[in-house]
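Data first, discussion second: the structure below is written as structure tokens.
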Amino acid sequence: MPADALVSIRDLTVQFRTDRGWVSAIEDISLDINAGECLGVVGESGSGKSVTALSILRLHARGTARAARGSIMLDGRDLLRAPERDLRRVRGGDIAMVFQDPMSSLNPVLTIADQISESLRLHQGLSRAEGRSRAIELLDLVRIADAPRRADEYPHRLSGGMRQRVMIAIAIACRPRLLIADEPTTALDVTIQAQILELLRDLRAELGMAVMMISHDLGVIAEFAHRVVVMYAGRIVEQAPVGTLFSAPRHPYTEGLMTSLRGRDIPGQRLGSIPGRVPDPDESIPGCRFGPRCAHVEAVCRAAVPALVSISENHDVRCTPRSQALAPACL
Amino acid sequence: MPVTSETSVEVRDLTMSFGSGGAGRRPTMVQVLHDLTFDIGSAETLGLVGESGSGKSTVGRILVGLLKPTGGSVRLFGRSVTGADRAANFAAVRSRVQFVFQDPHAALNPRIRVGHSIAEPIDIAGKHSRRDRDDRVRQLLELVGLPRDSADRFPHEFSGGQRQRIVIARALSLSPDFVVCDEPVSALDVSMQAQIVNLLMDLQDRFGLSYLFIAHDMTVVRAIARRVAVMYAGSIVEIARNADLYADPLHPYTRALLDAMPRPDPTRIRPRTIPGEVPSLLAPPSGCRFHTRCPHVMPRCRDESPRLLEIAPGRQVACHLFTAAETTEP
């Protein structure tokens with residue numbers, strides 16, 4: 001585990017109970033989130049990016065989900081094995097989360113101030129009045145105008161963008177070291193999305209926290225992340241610093257995603273597309289799970305599950321032909 | 001491919017108001033569309049972009065006859081569907097106008113086999129024998145790139161992208177000339193979006209379809225549309241040929257929208273974001289409805305609503321920055 005890693009995930013496999021037994025939603029996920037960095041996690045639906053994020057705070061329903069293997073280390077403790085009591089201190093304390101849908105994440109019958117101060121009262125033992133004045137400070141911090149008035153309002157009075165600002169205020173209330181933002185701007189209009197991304201960038205710098213930004217949108221990832229993890233069908237297929245990933249993607253899936261976006265600049269031209277569809281988690285595919293959709297598939301891809309191989313410093317790829325061609329020879 | 005010079009859709013001064021307010025209250029009328037004027041040519045795609053609440057979906061619903069506008073006129077294939085003979089005229093063109101919705105999960109009845117869903121418009125139009133109908137369904141499935149045996153399966157057996165193909169097959173069942181596509185790829189993953197956009201372009205080439213392509217994602221519109229109309233708070237603020245709009249947006253809102261689009265390019269220098277939010281329809285700002293967020297606002301913008309004016313061939317913009325120049329010229 002690198003010295004500056006805040007959270008270190010190793011060999012994480014999470015399974016869900018289905019009619020056909022336990023099915024792996026993510027498999028062998030290993031990644032580090034360094035202190036103060038913006039880690040982007042990008043993937044399409046079913047890639048396992050949200051499952052990974054929810055696992056960090058162990059927010060999956062007990063009984064229907066289980067971490068079959070692996071560890072998630074924070075300050076030398078394994079969050080997967082920590083008692084529920086300890087985890088409650090981590091949630092909203094060291095690690096906080098912002099979700100996609102600000103409409104359903106807020107309680108409609110509590111005022112904004114009550115909801116923001118909830119974690120402060122829980123984690124820091126503030127009184128109600130102290131909580132309210134901290135809530136007003138936090139509303140200022142997330143650039144909500146007229147904070148004292150807004151603090152006493154109910155969520156239905158706020159627009160989607162304002163509600164997401166309130167969610168962010170709740171998340172940063174206890175100065176977390178890691179903020180997990182799961183598609184925080186997907187439900188918002190594009191001009192509001194730009195405002196929220198700008199706010200998150202500013203807050204990250206002001207508070208010095210790490211942000212794990214989960215998105216299906218490569219544009220959002222390009223503009224936000226320092227380092228990017230690309231997921232496909234429950235596995236990490238590539239990870240690299242943002243500049244490297246966008247200028248020299250190495251996994252055929254990452255390449256396909258880039259091509260399908262960039263072709264949009266030329267009117268009337270057919271877009272580069274990836275044929276087929278994302279497999280279901282319980283679909284058995286021999287070898288590489290991207291194989292059936294890959295234009296460069298070879299016999300070796302079907303023979304064994306490819307390993308995530310480092311092809312240069314900080315650049316890992318899970319593709320057997322590519323890593324054989326690109327990896328520095330082991331002597 | 002039917003080549004005609006006919007204009008598929010002509011919209012003039014279209015306005016729409018809805019009653020607002022619940023039981024016991026006197027409904028106040030909320031105007032959601034303000035004097036829209038545009039055409040869609042034969043075999044042309046007009047992109048319609050804007051944020052939520054801009055009124056873009058309302059336009060689509062009016063054009064397919066799901067809503068009756070409160071003012072202005074709509075002509076489909078030369079027939080007025082808003083005037084005195086609207087019922088008769090609409091009946092005459094009904095089969096030529098179809099709709100593809102955003103959510104392919106909600107657009108298909110989960111208890112009805114796919115083949116039956118696709119054939120439903122054919123049954124309603126009532127002009128086919130059973131055998132012709134089944135042949136047509138197989139032909140449509142092939143056209144949208146689905147296996148022929150899909151007809152006997154149920155919607156849940158298909159992925160989102162495949163379901164959207166089914167919805168497109170149903171929209172094509174009566175060989176329409178004009179299809180309103182309301183956010184047809186917004187619910188799909190990026191790799192699926194490309195497949196569906198390509199399919200829509202292929203079908204257009206093959207059958208000479210006209211599209212009104214409604215989307216909030218300007219990159220998708222850029223790929224498919226020939227001309228683009230930008231809406232803000234119920235008005236069209238700019239219409240231009242695709243290449244012109246993206247290379248040189250004139251209206252400050254169009255520019256803000258393009259600037260705000262995240263691009264897959266980490267080296268891009270991010271432009272400043274515009275402040276504020278889309279105004280409430282219940283209390284719209286005076287004058288130009290964008291003036292509360294506009295970086296170039298002038299005193300005139302607060303009082304006077306700008307009209308959509310043609311400032312170059314094929315280029316219309318509703319902004320005092322451009323009308324001012326025009327009125328001061330001798």
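For A:I214, state whether it is within 14 Å of the chain's Cα centre (by Cα), crowded, with 22+ Cβ neighbours inside 10 Å and not in a helix (DSSP H, G or I).
Values: within 14 Å of the chain's Cα centre (by Cα): yes; crowded, with 22+ Cβ neighbours inside 10 Å: yes; not in a helix (DSSP H, G or I): yes.
Yes.
Which of the residues that make up segment A:214-249 are away from every other protein chain (no Cβ under 12 Å), within 29 Å of A:G93 (Cβ to Cβ) and either modelled with pLDDT under 95 or touching a helix residue (DSSP H, G or I) at 6+ places or on another chain (Cβ under 7 Å) (or both)?
If the condition is that a residue be away from every other protein chain (no Cβ under 12 Å), within 29 Å of A:G93 (Cβ to Cβ) and either modelled with pLDDT under 95 or touching a helix residue (DSSP H, G or I) at 6+ places or on another chain (Cβ under 7 Å) (or both), then A:I214, A:M231 are the ones that fit.
What helices (runs of 4 or more DSSP H), lying completely within segment B:217-330, carry at least 2 residues that are within 9 Å of chain A (Cβ to nearest Cβ) and buried (at least 18 other Cβ atoms within 10 Å of the Cβ)? Give the steps one after another, and end with the answer.
Values: elements: B:218-224, B:242-247, B:252-260, B:299-303, B:320-328.
Of the helices (runs of 4 or more DSSP H) lying wholly inside segment B:217-330, those with at least 2 residues that are within 9 Å of chain A (Cβ to nearest Cβ) and buried (at least 18 other Cβ atoms within 10 Å of the Cβ) span B:218-224, B:242-247, B:252-260.
Which one of these is surrounded by fewer than 18 Cβ atoms within 10 Å (Cβ to Cβ) and within 24 Å of B:S159 (Cα to Cα): A:S30, A:S45? Before the answer, list the steps.
Working: A:S30 fails: within 24 Å of B:S159 (Cα to Cα).
After ruling out the rest, the residue left standing is A:S45.
Can you find even one residue in segment B:270-286 that is under 30 Å from A:A222 (Cα atoms) and at pLDDT 95 or above?
Looking through segment B:270-286, none of the residues is under 30 Å from A:A222 (Cα atoms) and at pLDDT 95 or above.
If the Cβ limit is 7 Å and pairs must be 6+ apart or interchain, which residue in segment B:205-223 that is under 17 Å from B:Q195 (Cα atoms) pairs with which residue that is surrounded by fewer than 22 Cβ atoms within 10 Å (Cβ to Cβ) and of a type in the set (D, E)?
B:A215/B:E183; B:R222/A:D265
Working only within segment A:250-261, note down all residues that are more than 7 Å from chain B (Cβ to nearest Cβ) and either in contact with a Gly (Cβ under 8 Å, 6 or more places away or on another chain) or not in a loop (DSSP other than H, G, I, E, B) (or both).
Step one: of segment A:250-261, the residues more than 7 Å from chain B (Cβ to nearest Cβ) are A:250-255, A:259.
A:P252, A:Y253, A:T254, A:E255, A:T259, listed by residue number.
Taking the condition under 26 Å from B:L212 (Cβ atoms), small (G, A, S), surrounded by fewer than 17 Cβ atoms within 10 Å (Cβ to Cβ) and more than 12 Å from chain A (Cβ to nearest Cβ), does B:S186 pass? Please lay out each step first, then the result.
Numbers: under 26 Å from B:L212 (Cβ atoms): yes; small (G, A, S): yes; surrounded by fewer than 17 Cβ atoms within 10 Å (Cβ to Cβ): yes; more than 12 Å from chain A (Cβ to nearest Cβ): no.
Considered against the rule, which asks whether it is under 26 Å from B:L212 (Cβ atoms), small (G, A, S), surrounded by fewer than 17 Cβ atoms within 10 Å (Cβ to Cβ) and more than 12 Å from chain A (Cβ to nearest Cβ), B:S186 comes out as no.
For segment A:186-213, how many residues meet the condition of being within 9 Å of chain B (Cβ to nearest Cβ) and β-branched (V, I, T)?
Qualifying residue count, segment A:186-213: 3.
Please note which strands (runs of 3 or more DSSP E) are completely contained in segment A:1-97 and include at least 1 residues that are over 14 Å from the mean Cα position of the chain (by Cα).
Values: elements: A:5-18, A:21-34, A:38-42, A:65-74.
Correct list: A:5-18, A:21-34, A:65-74.
Of all residues in segment B:5-23 being closer than 17 Å to B:A283 by Cα and more than 22 Å from the chain's Cα centre (by Cα), which is modelled with the lowest pLDDT?
B:G21
Tell me whether segment A:304-326 contains one or more residues that are within 28 Å of B:A223 (Cβ to Cβ) and either within 11 Å of another protein chain (Cβ to nearest Cβ) or free of Cβ contacts under 8 Å to residues at least 12 places away in the same chain (or both).
no
Grab the helices (runs of 4 or more DSSP H) fully contained in segment B:112-200, keeping just those with 3 or more residues being more than 30 Å from A:T186 (Cα to Cα) and within 18 Å of the chain's Cα centre (by Cα). Quick ask: steps written out before the conclusion?
Details: elements: B:114-125, B:130-143, B:160-172.
Passing ranges: none, list empty.
Residues of segment B:74-106 being open to solvent by 40 Å² or more (accessible area, probe 1.4 Å) and within 15 Å of B:D39 (Cα to Cα), which ones?
Selection gives B:R75, B:R79.
Pairs only if they're at least six apart or on different chains, beta carbon under 6 angstrom, first in segment A:98-109 and touching a residue at least 40 places away in the same chain (Cβ under 8 Å), second part of a loop (DSSP other than H, G, I, E, B); list them, first residue then second.
That search, which allows pairs on different chains as well, returns A:V98/A:P184; A:Q100/A:E183; A:Q100/A:T186; A:Q100/A:A187; A:D101/A:A187; A:S105/A:F99.
Check whether at least one residue in segment A:273-280 is closer than 30 Å to B:L203 by Cα, assigned to a loop (DSSP other than H, G, I, E, B) and among the basic types (K, R), and report yes or no.
Quick first cut of segment A:273-280, residues closer than 30 Å to B:L203 by Cα only: A:273-280.
After this cut, where a residue has to be assigned to a loop (DSSP other than H, G, I, E, B) as well, the list is A:273-280.
Pick out the ones that are also among the basic types (K, R) and you get A:277.
Scanning segment A:273-280, I find at least one residue that is closer than 30 Å to B:L203 by Cα, assigned to a loop (DSSP other than H, G, I, E, B) and among the basic types (K, R), so the answer is yes.
The values are calculated or read from the model by the stated rules, or taken from the named source; none is laboratory data. Predicted, not measured: the structure shown is a model, and the values here were computed from it. With ideal geometry, Cβ positions are generated from the backbone for all residues, glycine too; neighbour counts draw on all protein chains shown. Just the protein is used for accessible areas: all its heavy atoms, side chains included, with ligands, DNA and RNA removed. Shrake-Rupley method; radii C 1.70, N 1.55, O 1.52, S 1.80 Å.
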